[in-house]
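One structure below.
The values are calculated or read from the model by the stated rules, or taken from the named source; none is laboratory data. Just so you know, these numbers come straight off a predicted model, no measurement behind them. Backbone-built Cβ (ideal geometry, glycine too); neighbour counts: all protein chains shown.
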2 protein chains.
Amino acid sequence: MGEYQLDTVLSAVADPTRRAILDRLRVSDARVTELAREFPISLNSTSKHIKVLERAQLVERHVRGRDHVLSLRAEALGEAVAWMTQYREFWEQRLAALEAFVLADADSDVDGDTDAVAGTTSGAER
Amino acid sequence: MGEYQLDTVLSAVADPTRRAILDRLRVSDARVTELAREFPISLNSTSKHIKVLERAQLVERHVRGRDHVLSLRAEALGEAVAWMTQYREFWEQRLAALEAFVLADADSDVDGDTDAVAGTTSGAER
DNA sequence: TTGATATTCACCCATGGGGGTGAATATATG
DNA sequence: CATATATTCACCCCCATGGGTGAATATCAA
């Protein structure tokens, strides 16, 4: 819960490949080889990235025989968001501008959920 | 606005010293030497960290004579928060648990602002 | 048992990053 | 002008990291 965990989570998420893996796992669970096939890196690199994400507690591994099934466990992002929330007043306006981007990017999220960002902004007015 | 900016911001913020600098600048603007005095690193290291934060557009530099005054410009965090918002459903519950932590940590924030996280959480309920 | 598949382990390589020191540059000030 | 202060520049060092390859390990399937 401390600085260290924040370091781990933020540096894990600072890598574009790892963000892509998380984005992919948002769609469905996947095995290591499946992930490796979907990204332009080797199986070994994929394995390493997964280990980093595991250390950051952003994914969870379920071993079933020889298959390792990865699933998203993004609770750890909460700490990062909590830290950034301290700077809320700075990015409030910017979030509004980025709202369109998020909505366009989150195709699997087009129902009543879509007002999440607006909810954040309105909840933070002073 | 793209992946690159996200990389820059997240990796900038992944370093504890740089987060400490941002936290410090939340209190007030400061010169490079002032910041260096307040952290257990050399003036040169401080200068480098500031350059990283500048590149990520998290701080702004105003040169007045030989003094370089740094001020917080954390709008760039909006993009990071926007990305993490896609994982909102995962950290919602966790944010509630971390709320106490944020409140305890943000001493300069003890007025009506304190319901910010709660606002986010309630705004995102489904 | 034998062979195929899934994943990791043990390395190697190159790059970048955080930390440091000492010199250069720019601006104040006596 | 001469000197002190503020900041950066040019390096150096070390280690972590992303990427790769080839071998080991474990499990499945024939």
- [ ] Sort through A:Ser47, A:Ser11, A:Ser42 and tell me the only one that's within 12 Å of DNA strand D (Cβ to nearest atom), at the interface with chain B (Cβ under 10 Å from one of its Cβ atoms) and at pLDDT 95 or above.
- [x] A:Ser11
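Results for (1) within 14 Å of another protein chain (Cβ to nearest Cβ); (2) within 12 Å of DNA strand C (Cβ to nearest atom); (3) not charged (D, E, K, R), shown as yes or no for each residue.
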{"position": "A:Gly2", "(1), (2), (3)": "yes, no, yes"}
{"position": "A:Asp15", "(1), (2), (3)": "yes, yes, no"}
{"position": "A:Ile21", "(1), (2), (3)": "yes, no, yes"}
{"position": "A:Leu25", "(1), (2), (3)": "yes, no, yes"}
{"position": "A:Val32", "(1), (2), (3)": "no, yes, yes"}
{"position": "A:Leu53", "(1), (2), (3)": "yes, yes, yes"}
{"position": "A:Val63", "(1), (2), (3)": "no, yes, yes"}
{"position": "A:Arg66", "(1), (2), (3)": "no, yes, no"}
{"position": "A:Leu77", "(1), (2), (3)": "yes, no, yes"}
Task: Residue count for region A:24-45, restricted to those that are more than 13 Å from A:His68 (Cα to Cα) and touching a His at 6+ places or on another chain (Cβ under 9 Å) - done: 2
Task: Residues being under 16 Å from B:Ala20 (Cβ atoms), in contact with a helix residue (DSSP H, G or I) (Cβ under 7 Å, 6 or more places away or on another chain) and in a helix (DSSP H, G or I) - total across region B:34-68 - done: 10
Open item on the list: When you check B:Glu79 against the structure, is it at pLDDT 70 or above and within 17 Å of the chain's Cα centre (by Cα), yes or no?
Closed with: yes
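Can you name every residue in region B:73-91 that is in contact with a strand residue (DSSP E or B) (Cβ under 8 Å, 6 or more places away or on another chain) and either away from DNA strand D (no atom under 16 Å from the Cβ) or closer than 30 Å to A:Leu72 by Cα (or both)?
Of the residues in region B:73-91, the ones in contact with a strand residue (DSSP E or B) (Cβ under 8 Å, 6 or more places away or on another chain) are B:73, B:87, B:90.
Answer for region B:73-91, where residues must be in contact with a strand residue (DSSP E or B) (Cβ under 8 Å, 6 or more places away or on another chain) and either away from DNA strand D (no atom under 16 Å from the Cβ) or closer than 30 Å to A:Leu72 by Cα (or both): B:Tyr87, B:Phe90.
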Open item on the list: Criterion first (within 8 Å of DNA strand C (Cβ to nearest atom) and either within 14 Å of chain A (Cβ to nearest Cβ) or at pLDDT 95 or above (or both)) does B:Ser71 satisfy it?
Closed with: no
